[in-house]
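The values are calculated or read from the model by the stated rules, or taken from the named source; none is laboratory data. Computed from a prediction, not measured in an experiment: that's the story for all the values here. A quick note on method: Cβ atoms are made from the backbone with ideal geometry, for glycine too, and the neighbour counts reach across all protein chains shown. All accessible areas refer to the heavy atoms of the entire protein, side chains included, with ligands and DNA or RNA removed. Shrake-Rupley method; radii C 1.70, N 1.55, O 1.52, S 1.80 Å.
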Amino acid sequence: MKHHIPLIIVLLFVMGCKTTPKNSANFQLILDKSVKNKNNQLSGVSMTVIAPKLNILWTGASGFDSKKKTHKLSAKQPFRIASGTKTFVAAAILRLQEEKKLTLEDSIATYLSDEHLQLLRSDGYDPKAITIKHCLLHRSGLFDYAEGNTSYIDSIIKNPTKKWTRTEQLKFAMDAGDPLGNPGEVYGYSDTGYILLGEIIEKVTGKSLAQALRQLLGYDRLGMKSTWMEGLEDPPAGISQPVHRYIGDYDATTLDNSIDLFGGGGISSTTKDLAIFIDALFNGQIFKNTETLSIMLEDPGTLPYGAESEDYRMGLSKEGVMGISGYMHRGFWGTVWIHMPKPNYTIVVNFTNEPEGAGIITKTTEKLQKLAQAD
């Protein structure tokens, strides 16, 4: 597939990220009403909508960038996307398979450092039995250092200035919990698996994870000027101040980004950049081979033991909105993206503080569906 940005997208950016009059949908009103609704307890929200067939590329924001409500939120302000990073990591792994530098069936033991292999074995894991594919699908059996229990969050709040390493996070996983089960036989959402995928990307490319993602996925080619891996590369010149991040009522903005880095999280971006990437992913601008996206989205099948908690594919979940089937990923700090293949649109929303029941994605989806039916 050719790597280019469709002409309509380029034109829409030149026009200032607004919908054409014919297909104008008042997305700003959705945001404003959600922020003004006191029941939502929402300090601020930004959103980008891309719908190529409807000639829509819209970006906007409403409210404030913190719970203190002292600074108006701008859609240009970046934020930590947390687990949304996993979509990038999964796509990078699949790009490396396209380049025949690895295969999804490879054992992680082929690529990990001796120190990390020893840590895994010390807690009863067999690294040779865990494949790259197991980690992508969260079927590795690896205990999640980040949210397997509350101990990691408790630890980072007690020591907010600590700079974590991948090795320390892996050791934390080994100390905090036991293997969830045999690889391929159990589902367990695991940042641990994804930080190991980050290590594999570094090993195979000989580059830092930040640089490998940037080059494999083509940030510059796509015009993603506000996306970087915080702590592993410098922020873009002239970037705005970040949106505040929260753990409950605790302002976690000043916590070192190493708490959520190395593959499970780590990327900072804007709704506009993130939407550009997701739109490109589903429209032939990331992978060289059309079948690679099919591999990313394929149903991994039923597990032998118990029910899956979510329909997770490679770096994304298959989920629905209003009964419409699509793909999605959420981030711990309040970011969510969703892509609906039919009629082909992407929505990215970032909440200053993640609310319950704001219904922004549902309301935006409803508008887009009505426009698609009328088109």
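If we scan the range 229-248, do we find a residue that is within 19 Å of Trp333 (Cβ to Cβ), at pLDDT 95 or above, open to solvent by less than 10 Å² (accessible area, probe 1.4 Å) and part of a loop (DSSP other than H, G, I, E, B)?
Within the range 229-248, one or more residues are within 19 Å of Trp333 (Cβ to Cβ), at pLDDT 95 or above, open to solvent by less than 10 Å² (accessible area, probe 1.4 Å) and part of a loop (DSSP other than H, G, I, E, B).
Within the range 112-131, how many residues turn out to be buried (at least 17 other Cβ atoms within 10 Å of the Cβ), part of a helix (DSSP H, G or I) and in contact with a strand residue (DSSP E or B) (Cβ under 8 Å, 6 or more places away or on another chain)?
The number of residues fulfilling the criteria is 1.
Tell me which residues, restricted to the range 339-375, are aliphatic (A, V, I, L, M), in contact with a helix residue (DSSP H, G or I) (Cβ under 6 Å, 6 or more places away or on another chain) and more than 23 Å from Lys68 (Cβ to Cβ). Talk me through it step by step, then tell me what you get.
If we filter the range 339-375 for residues that are aliphatic (A, V, I, L, M), which is where we start, we get 340, 347-349, 358, 360-361, 368, 371-372, 374.
With in contact with a helix residue (DSSP H, G or I) (Cβ under 6 Å, 6 or more places away or on another chain) added as a condition, the list becomes 347-349, 358, 360, 371.
Correct list: Ile347, Val348, Leu371.
Among the residues of the range 71-111, write down those that are in contact with a Pro (Cβ under 8 Å, 6 or more places away or on another chain) and either without any contact (Cβ under 8 Å) to a residue 40 or more places away in the chain or open to solvent by 10 Å² or more (accessible area, probe 1.4 Å) (or both).
Residues of the range 71-111 in contact with a Pro (Cβ under 8 Å, 6 or more places away or on another chain): 77-80, 107-109.
Selection gives Arg80, Ser107, Ala109.
If only one of Tyr189, Tyr194 is in contact with a Cys (Cβ under 8 Å, 6 or more places away or on another chain), on the phi < 0 side of the Ramachandran plot and surrounded by 15 or more Cβ atoms within 10 Å (Cβ to Cβ), which one is it? Spell out the reasoning first.
Details: Tyr189 fails: in contact with a Cys (Cβ under 8 Å, 6 or more places away or on another chain).
Only one candidate qualifies: Tyr194.
Based on what the data block shows, is Leu180 over 30 Å from Gln77 (Cβ atoms), among the hydrophobic types (A, V, I, L, M, F, W, C) and assigned to a loop (DSSP other than H, G, I, E, B)?
Working: over 30 Å from Gln77 (Cβ atoms): yes; among the hydrophobic types (A, V, I, L, M, F, W, C): yes; assigned to a loop (DSSP other than H, G, I, E, B): yes.
Yes: the conditions hold for Leu180.
Among Asp249, Asp260, which is touching a residue at least 60 places away in the same chain (Cβ under 8 Å) and in contact with a Phe, Trp or Tyr (Cβ under 8 Å, 6 or more places away or on another chain)? Quick ask: steps written out before the conclusion?
On the way: Asp249 fails: in contact with a Phe, Trp or Tyr (Cβ under 8 Å, 6 or more places away or on another chain).
Step by step, each of Asp249, Asp260 is checked, and only Asp260 is touching a residue at least 60 places away in the same chain (Cβ under 8 Å) and in contact with a Phe, Trp or Tyr (Cβ under 8 Å, 6 or more places away or on another chain).
On the given criteria, is Leu216 assigned to a loop (DSSP other than H, G, I, E, B), crowded, with 19+ Cβ neighbours inside 10 Å and over 13 Å from the mean Cα position of the chain (by Cα)?
On the way: assigned to a loop (DSSP other than H, G, I, E, B): no; crowded, with 19+ Cβ neighbours inside 10 Å: yes; over 13 Å from the mean Cα position of the chain (by Cα): yes.
No; evaluated as a whole, the condition is false for this residue.
How many residues does the range 280-304 contain that are free of Cβ contacts under 8 Å to residues at least 24 places away in the same chain and more than 22 Å from Ile50 (Cα to Cα)?
Our first condition is that a residue be free of Cβ contacts under 8 Å to residues at least 24 places away in the same chain; within the range 280-304, this holds for 291, 293-294, 298-299, 301-302.
Then drop every residue that is not more than 22 Å from Ile50 (Cα to Cα), which leaves 291, 298-299, 301-302.
Qualifying residue count for the region: 5.
Residues of the range 132-154 being hydroxyl-bearing (Ser, Thr, Tyr) and surrounded by fewer than 15 Cβ atoms within 10 Å (Cβ to Cβ), which ones?
Of the residues in the range 132-154, the ones hydroxyl-bearing (Ser, Thr, Tyr) are 140, 145, 150-152.
Listed by number, the residues that qualify are Thr150, Ser151.
Name every residue in the range 157-175 that is surrounded by 19 or more Cβ atoms within 10 Å (Cβ to Cβ), out of contact with any Phe, Trp or Tyr (no Cβ under 6 Å at 6 or more places or on another chain) and outside any loop (DSSP other than H, G, I, E, B), in order of residue number. Even if it seems obvious, please write down each step before you answer.
So in the range 157-175, the residues surrounded by 19 or more Cβ atoms within 10 Å (Cβ to Cβ) come out as 164, 166, 169-170, 172-174.
Imposing the further condition that a residue be out of contact with any Phe, Trp or Tyr (no Cβ under 6 Å at 6 or more places or on another chain) reduces the set to 164, 170, 174.
Leu170, Met174 - these are the residues of the range 157-175 that are surrounded by 19 or more Cβ atoms within 10 Å (Cβ to Cβ), out of contact with any Phe, Trp or Tyr (no Cβ under 6 Å at 6 or more places or on another chain) and outside any loop (DSSP other than H, G, I, E, B).
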